[in-house]
Each structure stands twice: as C-alpha cells, then as structure tokens.
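I have placed the structure first, in the form of structure tokens, so that the comments after it can refer back to it.
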Amino acid sequence: MPAPATTASSSGVPDPGTDRTVLDAGDISRALSRISHEILERNKGADGVVLLGIPSRGVPLAERIAERIASVEGIAVPFGSLDVTMYRDDLRLKPARTLLPTQIPDGGIDDKVVVLVDDVLFSGRTIRAALDALNDVGRPRAVQLAVLVDRGHRELPIRADFVGKNLPTSLVQRVRVQLTGVDDVDAVVIEGATS
Amino acid sequence: MKKHLLSAADLSRDDAELILRTAEELRSLADRPIKKLPALRGRTVVNLFFEDSTRTRISFEAAAKRLSADVINFSAKGSSLSKGESLKDTALTLEAMGCDAVVIRHGASGAPHRLANSGWVRASVVNAGDGTHEHPTQGLLDAFTLYRHLGKRHAGAWQDGALEGRRIAIVGDVLHSRVARSNALLLHTLGAEVTLVAPPTLLPVGVETWPVETSYDLDGVLPKADAVMMLRVQRERMSGGFFPTAREYSRRYGLDGRRMATLQDHTIVMHPGPMVRGMEITADVADSDRSVIVEQVTNGVAVRMAVLYLLLGGSEPAVSTGDAGSIEPFETTEVAR
C-alpha cells in the first residue's frame, strides 16, 4: 500500500518494498548521449547553443551534456546555471527559500539558443519560472528544454524538446533523481511505486 | 511570531550564514543588465528615518527596489514628526496605510524594539540604527565583506566558517557606536576574535561583559589583526571631554600610513562611514589598496536585499530573529518617546 506522497518524500530513506529503480547509471549515460545528439541534430551543430541547468540537479546534467557535445563536435559549449527561486509562483506559500547559484556563461544569452536542462519535468511550473528568469537575463533567439525524466501531470502548456525517458507515474508517487557529484550514485528511483 | 531584525544578538550562526550566503547570490545581480528580481512584488517597505542618514537609507531603498517592493520614504524633517507627533501615532498611521516592513532609524536606543513589540504594527521591523545601541545590517555587511576577503573560496563556492579564529580590531569611538556593538556580537557569533581598541573614556560601561577583548594600545593590536575597522568619533553625541584634543586622539588612535605599514599583507581596512579624513583615518589609508570602504557600500545593498528577502519573501521569515520579548543582553533599552 503506497504511502502518501508527502510522507514518502520527507522520509528520504530508500524503502526496498516500494521503491523501484527505473534508470541506472548506464541508462542515464545513454539517455544523455542521445539527448546531446538530438540537440546537435535539431540545431545543426553546437553553434550559438548555451546550456543552462536549473539547480540543483539540472546543473550537473547540463555539464554532462556539454561534455558529450564537446567530444562529438569538438567545440566547447558554454554552460551555466539559472536559479528560478525568486520567480516561482509558490514563493509566498512557503517560508523564504534558500537561493541557489545563477552562473550565466561569458557571452551571455542574447541571440543564442538556450537549452534549459532539468532533471524531472512534472507540473511545468519550474520551467515557467525559468522562462521568466531568462527574460531578465537577456533575449535568446530560441529556448529549448531538455529533461532527464518526463513524468507527466502538466499543469501548464509546456513540453520538453528532449526527453531522457517518459515515466508514467501516479500523483502519489515521487520521482527521485540521484547524480554523482550531488549524490553518491547515478539513478532514477520511483518512490511509493505500487508493487 | 519571529519576524524582526532588531539586534545582531538575535541571529544564530546558521541564520547569519544563511543571510550571508543569500547575499552572495544576490550580489551577482549588480553585474546583470536588469538589476531587478520579482520576489517582493506588491510588498511595501517603509523607510522610517528619524535621524539623518545617507548611505543606509539609500542602500535600503535600492535593496527594496531591486526586489520589486514598493518603497515609501519617511524622514523626520518635513513630516508631522517635526510638529510633535509621537512614534506610536506615526506607527499607527503606517499600519493604517498597510505596509509589510518598516526599516527604522531612531536616535533613541530601543525604539525599533518598542515599535516591534508594542502591537502597533504588524509589519516586520528592521533596525537601521537606534541611538548608541545597534545597527545589525551594518554588522552583516561588514561580516559579508570580511567573508569575501578572508574566506578561502574554492572555485567561487561560499565557505561557511571563514571567520573562525580571525582577529578583527575595532578602533575608535566604541562608546557611541552602534556599529561596534553589532559587529562585536555578530563577529563573535561567526567565530572571530574581536578586539576593541579605544581610549578608556570611549569604551562603554559594562564592556567586560561583551564577548570581546579590549585594549588601549593600537600599535600593539595592529600587527596581529586580519582586519581593522575604524570608527568615526561621534562628536554630535558627545557633551563632555572624552579626549584632550582631536590632534592627540588622531595621534594615538588614528590609522595613518606609518601604522598601516605594520599590518600583515592580507589585512584589510574597513570603515562604516561617514569618514572624517585626517581624524580617525588619513586620506592615504582610506584611498589605499587595503581599503575596502567603497566595497562595503556595494555589499550593503546585497546584504539588505538578503535580509528583506528572507524576512518578507516567503509566507514566514526564514531566519529566526527577534523573538518578541527577547532581552537585549548588554544594555537596558530606553523607552522611545
């Protein structure tokens, strides 16, 4: 019997009874390689592409995609991070949150193709906040979205351009992405999965 | 509810470092083309200044505006205060107009405490300097400046605990300085060793209960210091003879080029402003490479943005400051008129 999402998320302790690993390190690596190639294919190369990760887990993903693009195309793609905390629509509903780093690469984003990178696409509200945040940084030529996992349940008209894996989930479940650098291992885990 | 910033003593180490880390993220905003964040959109911040101030008022105003708050400036001159209105009636007026935060500077020590704890206003109260008591945001911006210069930052990452064991000398008119008190309390919280240097007449009664060391000998303290903070002699608050002549004070407690030469290579020189060049600090020291006085002003905006964001940005404050009825440990608060 699945626990409610709130208690499952607050525990943070893996529960082998209900947790299910859906992507392991190899799966994540292959998904990122494919996303990198798709970004290159869509934009006909890496010219003018800037990768911006949304903290915290989007940032190492952006960095890994940048590495892969560099090894394929042989040119370094600028990457950075974009904190969206102050642009969230639920800012007033919770205690003031800690800000996370925003690092816009040298050269800015004006007239570039910005690829936003995040770990999980869910309601779409984070991406809406990110689009607002981008607005205050500059005017990109285009904005694209890459996510490792799309779990559905969108609340806004937002879709991803590049998806690592589509994961049908129920609302009581929680998708947890772990990445080395932030966590101990590479894995995507569904918590509270029905057995 | 804990929602005010009245004293540096109210800040735990975690709270203080949260404010400093937040300020570090907000400081990068100054380099962006659009220096504006939407976090406090629709909130109103009142700057209630009963005493003259240039940089603090402008700094708070810039901080609130960069967070998209509406700012109402209210100074004693040219308002009903000059007609004899009391603090209470002014507060009730502000409450009736509806405001979310009151930034108050007042000549009476304890006025912000009175405003926060009398039930006159529901807004968050931020102390921007009260009498000779405290000036917590100045303490925070000084701590922030110290972190940036004395912290060994790895690849731009913020380092908590950077002030652990660092020696900070605060020199000059400690008696009348709210900056000295806030700094002494906050820097102690952050793990630094603070030494107050002043003539005996300019050290406050009860200084032995502060978490600091004291000295009358500036030349003995300077070679060991990691940072030297010079204070202005506040002659407007002096009614007696605290030292024989300005020249003698300057000779014994002023920072000049000769004394600066005895500092360690990494030591920085700070001053909360306004400076009196030639009195507590000579022009060549104030304009030297060691001086971070102008940077302190820049940092002030970032720190005040962090304070306003953490107090007003969410549904409740992220820092647990200024509980109602908290007791100021080192001074009995006068009741504001």
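Bear in mind that the values in this text are calculations on the coordinates, not laboratory data. Being a predicted model, the structure only gives us computed values, none of them experimental. Don't worry about glycine lacking a Cβ; one is built from the backbone with ideal geometry, like all the others, and counts go over all protein chains shown.
In chain B, helices alone account for a calculated mean residue ellipticity at 222 nm of -10000 deg cm²/dmol, with every DSSP H run of four or more residues adding -39,500 (n - 2.57).
Report the full-extension gain for the segment B:Ser239 to B:Arg258: residue separation times 0.36 nm, less the Cα-Cα distance, to one decimal in nm. Walk me through the intermediate numbers first.
Details: separation 19, 0.36 × 19 = 6.84 nm, distance 3.16 nm.
Full extension from B:Ser239 to B:Arg258 adds 3.7 nm.
Ellipticity at 222 nm from helices only: DSSP H runs of n ≥ 4 in chain A, each -39500 (n - 2.57), divided by the residue count, give -9000 deg cm²/dmol. Applied to segment B:172-178, the Karplus parametrisation 6.51 cos²θ - 1.76 cosθ + 1.60 on θ = phi - 60° returns per-residue 3J(HN,Hα) values of x, 7, 5, 4, 9, 9, 6 Hz, with x for Gly and Pro.
Between B:Thr189, B:Met270, B:Leu218, the Cα set farthest toward the positive side of the dipole of segment B:136-293 (charges on each charged residue's Cβ, about the Cα centre) is that of B:Met270. In chain A the Cα-Cα distances spread across 5 Å bins starting at 0 as 1, 8, 16, 19, 20, 17, 10, 5, 3, 1, 0 percent of all pairs.
Please go through the residue pairs A:Lys94/B:Lys88; A:Lys94/B:Lys36; A:Lys112/A:Lys165; B:Lys65/B:Lys224; B:Lys3/B:Lys65; B:Lys3/B:Lys88 and name each one whose alpha carbons sit more than 30 Å apart in this structure. Intermediate results must be reported in sequence, preceding the final value.
Working: A:Lys94/B:Lys88 32 Å; A:Lys94/B:Lys36 22 Å; A:Lys112/A:Lys165 26 Å; B:Lys65/B:Lys224 41 Å; B:Lys3/B:Lys65 20 Å; B:Lys3/B:Lys88 19 Å.
Pairs exceeding the cut-off: A:Lys94/B:Lys88; B:Lys65/B:Lys224.
Highest-first packing order for the peptide set A:79-91, B:263-275, B:213-225 is A:79-91, B:263-275, B:213-225, based on the mean count of other beta carbon atoms within 10 Å. Here the peptides A:142-151, B:24-33, B:179-188 are ranked by packing, the mean other Cβ count within 10 Å, and the order with the highest first is B:179-188, A:142-151, B:24-33. For the residues of B:23-36, the average number of beta carbons from a partner chain within 10 Å of their own beta carbon is 3. Considering only B:Ala128, B:Leu81, B:Val103, the residue lying farthest towards the positive end of the dipole of the protein assembly as shown is B:Leu81, judged by Cα position with unit charges set on Cβ. In this label model, A:Ala76 and A:Arg34 are separated by 3.1 nm, measuring between points 7 Å along each Cα→Cβ vector. The mean count of C-beta atoms from other chains within 10 Å of the C-beta of residues in B:39-48, rounded to a whole number, is 2. Across segment B:28-45, computed HN-Hα scalar couplings (Karplus, 6.51 cos²θ - 1.76 cosθ + 1.60, θ = phi - 60°) run 5, 4, 4, 8, 8, x, 10, 8, 8, 10, x, 4, 10, 4, x, 9, 10, 10 Hz from first to last residue, x flagging Gly and Pro. A Cβ-based charge dipole, computed about the Cα centre of the protein assembly as shown with Lys and Arg at +1 and Asp and Glu at -1, lands at about 1120 debye.
Electrostatic tally near B:Thr44: other residues with Cβ closer than 10 Å to its Cβ, Lys and Arg +1, Asp and Glu -1, net -1. Per-residue extension of 0.36 nm, minus the Cα-Cα distance of B:Asp289 and B:Lys35, leaves a gain of 88.7 nm for this segment.
Amide H to amide H distances under 5 Å link B:Val126 with B:Leu5, B:Val102, B:Val103, B:Ile104, where only residues 5 or more positions off or on other chains count and H is placed in the peptide plane.
From the Cα gyration tensor of segment B:88-175, with a ≥ b ≥ c the square roots of its eigenvalues, which class applies: rounded if a/c is under 1.5, or else prolate if a/b is larger than b/c, or else oblate? Can you show the working numbers first?
Details: a/c = 4.11, a/b = 1.93, b/c = 2.13.
Oblate, because a/c is 1.5 or more while a/b does not exceed b/c.
Exposure proxy shown here: for B:His113, A:His153, B:His133, the number of other Cβ atoms within 10 Å sets the order, fewest to most, as A:His153, B:His133, B:His113. Across all C-alpha atoms in the protein assembly as shown, the radius of gyration and Dmax reach 26.6, 86 Å. Can you list the residues of segment B:217-237 with backbone N under 19 Å from a point 7 Å past the Cα of B:Ile58, pointing along Cα to Cβ? Within reach of a label on B:Ile58: B:232. Summary of the geometry: segment B:85-149 and segment B:232-269, compared by the centres of their Cα atoms, lie 30 Å apart. Between the amide H of A:Gly80 and those of A:Leu51, A:Leu52, A:Gly53, distances stay under 5 Å, these residues lying 5 or more places away or on another chain, with hydrogens modeled in the peptide plane. Calculate the tail of P(r) for chain B: the fraction of all Cα-Cα distances greater than 34 Å, expressed in %. The share of Cα pairs beyond 34 Å in chain B comes to 21 percent. In order along segment B:260-269, the phi-based Karplus estimate (6.51 cos²θ - 1.76 cosθ + 1.60, θ = phi - 60°) of 3J(HN,Hα) comes to 4, 5, 8, 6, 5, 4, 8, 5, 9, 10 Hz; Gly and Pro are listed as x.
Regarding segment B:136-293, what is the average projected area of its C-alpha convex hull, in nm²? Could the numbers behind the result be given before it?
Values: hull surface 35.9 nm².
That works out to 9.0 nm².
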